[in-house]
Amino acid sequence: MSGWAPKRFWKQAEVVASGEGFSVSLDGRGLKTPAKTPFWVPSQALAEAVAAEWQAQETKIKPETMPFTRTANSALDKVTPQFTAVADMLAAYGGSDLLCYRAEAPQELVARQCAAWDPLLDWAEAEFSAKLTPTQGIMPVEQPIECQARLAQAVHAMSPFQLAAFHDLVAISGSLVLGLAIARGRIGVDAGFELSRIDESWQIELWGVDEEAAESEAFKRDGIRHAARFFELCG
């Protein structure tokens, strides 16, 4: 039925220690995911964030106001049973990383990209022994297989919960290197988001702000901020 939403049926959402980590109970009844998997997360801080979302619900449950719950559900129901496929998909961004594709002109934009992105490619080389090669224009450049493998190793070393958050860090930014830099604290999430939007910022400077594009940008900014916070709370 259009407009239907489940109603709040509990009085208290509480964090409960479990064998694997921490779960959340509603009036003593343990949460389950949409796939009926017993709900749990790896840290108390993350469980507290989930419990706070449930406690904040009023008469009707609004899933769009529960991003921590949603990401944890994704980790349990989607990432865990297909971990290798998800990790491989995200690692593949290293083969066509945003930071490697530069403008041919104008020179001011070229210089801006180099100044912003070169230090992160240098960091990736130092951190992972992965030297990625930048190019100009849209023609693809083949990145060294061994470098892609080293970046993939870092992705596969994550837990399913970290990987669920990392998915958004990479998908929103369009860059495996940026995602790793945010996850590892090399740069802040807001700085990372701005670095991913150098081309868009250039267009805004030239032509002004488009209202629809600005709304999309705000939505993506909120999403990447949540992903970074979730990743951090995984412990």
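The values are calculated or read from the model by the stated rules, or taken from the named source; none is laboratory data. Treat the numbers as computed from the prediction; the structure is a model and nothing was measured. Positions of Cβ are backbone-derived with ideal geometry, glycine not excepted, and every protein chain shown enters the neighbour counts.
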Just one of Thr80, Thr84 is loosely packed, with under 14 Cβ neighbours inside 10 Å and either over 18 Å from the mean Cα position of the chain (by Cα) or in contact (Cβ under 8 Å) with a residue 60 or more places away in the chain (or both); which is it?
Thr84
Just need a number here: residues in the stretch 97-111 that are in a helix (DSSP H, G or I) and surrounded by 15 or more Cβ atoms within 10 Å (Cβ to Cβ).
4
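One line per residue, one yes/no per condition, for (1) surrounded by 15 or more Cβ atoms within 10 Å (Cβ to Cβ); (2) charged (D, E, K, R); (3) on the phi > 0 side of the Ramachandran plot; (4) out of contact with any Phe, Trp or Tyr (no Cβ under 7 Å at 6 or more places or on another chain):
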residue	(1), (2), (3), (4)
Lys11	no, yes, no, yes
Gly19	no, no, no, yes
Val24	yes, no, no, no
Leu31	yes, no, no, no
Pro34	no, no, no, yes
Phe39	yes, no, no, yes
Pro42	yes, no, no, no
Glu48	yes, yes, no, yes
Ala51	yes, no, no, yes
Subset of the stretch 164-220 [of a type outside the set (D, E, K, R), without any contact (Cβ under 8 Å) to a residue 60 or more places away in the chain and touching a Ser or Thr at 6+ places or on another chain (Cβ under 9 Å)]
Ile172, Ile182, Gly192, Phe193
Which residues, taken from the stretch 101-133, are within 18 Å of Ser201 (Cα to Cα), hydrophobic (A, V, I, L, M, F, W, C) and touching a residue at least 12 places away in the same chain (Cβ under 8 Å)?
Ala103, Leu109, Val110, Cys114, Ala116, Trp117
Among (1) under 28 Å from Ser196 (Cβ atoms); (2) at pLDDT 95 or above - the single one Trp54 does not satisfy
(1)
Select from the stretch 168-179 the residues that are surrounded by fewer than 24 Cβ atoms within 10 Å (Cβ to Cβ) and closer than 22 Å to Ser129 by Cα and list them in ascending order.
Gly174
Number of positions in the stretch 53-77 that are aliphatic (A, V, I, L, M), within 19 Å of Asp168 (Cβ to Cβ) and either surrounded by fewer than 20 Cβ atoms within 10 Å (Cβ to Cβ) or without any contact (Cβ under 8 Å) to a residue 60 or more places away in the chain (or both)
1
Can you find a residue in the stretch 144-151 that is surrounded by fewer than 20 Cβ atoms within 10 Å (Cβ to Cβ), under 25 Å from Cys234 (Cβ atoms) and touching a helix residue (DSSP H, G or I) at 6+ places or on another chain (Cβ under 6 Å)?
yes
Taking the criterion of being part of a strand (DSSP E or B) and out of contact with any strand residue (DSSP E or B) (no Cβ under 6 Å at 6 or more places or on another chain), would at least one residue in the stretch 5-20 satisfy it?
yes
Taking the stretch 197-235 and keeping residues surrounded by fewer than 16 Cβ atoms within 10 Å (Cβ to Cβ) and of a type in the set (A, V, I, L, M, F, W, C) leaves Ile204, Leu206, Trp207, Val209, Ala213, Ala214, Ala218, Phe219
